[in-house]
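The values are calculated or read from the model by the stated rules, or taken from the named source; none is laboratory data. Owing to the predicted nature of the structure, the values given are computational and were not obtained by experimental measurement. Cβ sites come from the backbone with ideal geometry, for glycine too, and all protein chains shown count toward neighbours. Heads up: the accessible areas ignore ligands, DNA and RNA and are worked out on the full protein's heavy atoms, side chains in. Shrake-Rupley method; radii C 1.70, N 1.55, O 1.52, S 1.80 Å.
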Amino acid sequence: MNQYKKEIAKGHIGLIWLSGKEAGIYALTEIITDPELMEDTAAEKKYWTDSEDKDKEGSKLKVKIRILKYMLNRPLTKEIIRNKNGLENLSILKQSRGTNFNVTSSEWNILKELIEK
């Protein structure tokens with residue numbers, strides 16, 4: 001959690017975004033802890049493949065989440081999101097590099113409706 005650490009709290013909703021060719025929202029989550037310093041688990045460490053990753057070891061500010069809805073087979077793709085009125089300024093569409101992104105209340109209402117369909 002590098003951005004919005006003071007705004008994210010236990011009980012909030014999170015969206016998991018997969019980047020790349022088929023970018024989009026692939027899961028709906030609930031934040032189940034407040035941000036706290038946590039070590040990477042062995043399962044997480046296997047994804048650090050770059051030679052510079054050794055610099056990333058140690059405790060990091062994180063939250064634990066619970067998946068509320070898997071959307072692996074029917075993601076809310078970047079193309080759908082980009083073409084929906086009211087989502088054209090979604091922060092992840094403007095600046096895709098980062099770890100977490102803010103979603104406004106009005107954007108969340110639109111996304112929630114799309115996710116529920």
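Worth a mention:
- Segment 67-117 - residue that is of a type in the set (Ser, Thr, Tyr) and in a loop (DSSP other than H, G, I, E, B) and, of those, nearest to residue 27 (Cα to Cα): 99
- Positions within segment 81-95 being open to solvent by less than 80 Å² (accessible area, probe 1.4 Å) and either of a type in the set (Asp, Glu) or touching a residue at least 60 places away in the same chain (Cβ under 8 Å) (or both), in sequence order: 92
- Residue check, residue 65 open to solvent by 40 Å² or more (accessible area, probe 1.4 Å), farther than 14 Å from residue 100 by Cα and of a type in the set (A, V, I, L, M): no
- Unique residue being surrounded by 14 or more Cβ atoms within 10 Å (Cβ to Cβ) and either of a type in the set (S, T, N, Q) or modelled with pLDDT of 95 or more (or both) when the list is 49, 77: 77
- Breaking point among (1) assigned to a loop (DSSP other than H, G, I, E, B); (2) acidic (Asp, Glu); (3) at pLDDT below 90, for residue 55: (1)
- Against the criterion of being hydroxyl-bearing (Ser, Thr, Tyr), surrounded by 15 or more Cβ atoms within 10 Å (Cβ to Cβ) and at pLDDT 95 or above, residue 70 does not qualify.
- Any hit, segment 41-58, residues being touching a residue at least 12 places away in the same chain (Cβ under 8 Å) and either among the small types (Gly, Ala, Ser) or in contact with a helix residue (DSSP H, G or I) (Cβ under 7 Å, 6 or more places away or on another chain) (or both): yes
- Every test in (1) open to solvent by less than 40 Å² (accessible area, probe 1.4 Å); (2) over 24 Å from residue 115 (Cβ atoms) is passed by residue 31 save one, and that test is (2).
- Where a residue in segment 15-32 is touching a residue at least 24 places away in the same chain (Cβ under 8 Å) and of a type in the set (Asp, Glu) and its partner, wherever it lies, is open to solvent by less than 50 Å² (accessible area, probe 1.4 Å) and assigned to a strand (DSSP E or B), with Cβ under 7 Å and at least six apart: 22/77
- Residue tally, condition surrounded by 17 or more Cβ atoms within 10 Å (Cβ to Cβ) and of a type in the set (Gly, Ala, Ser), over segment 1-28: 4
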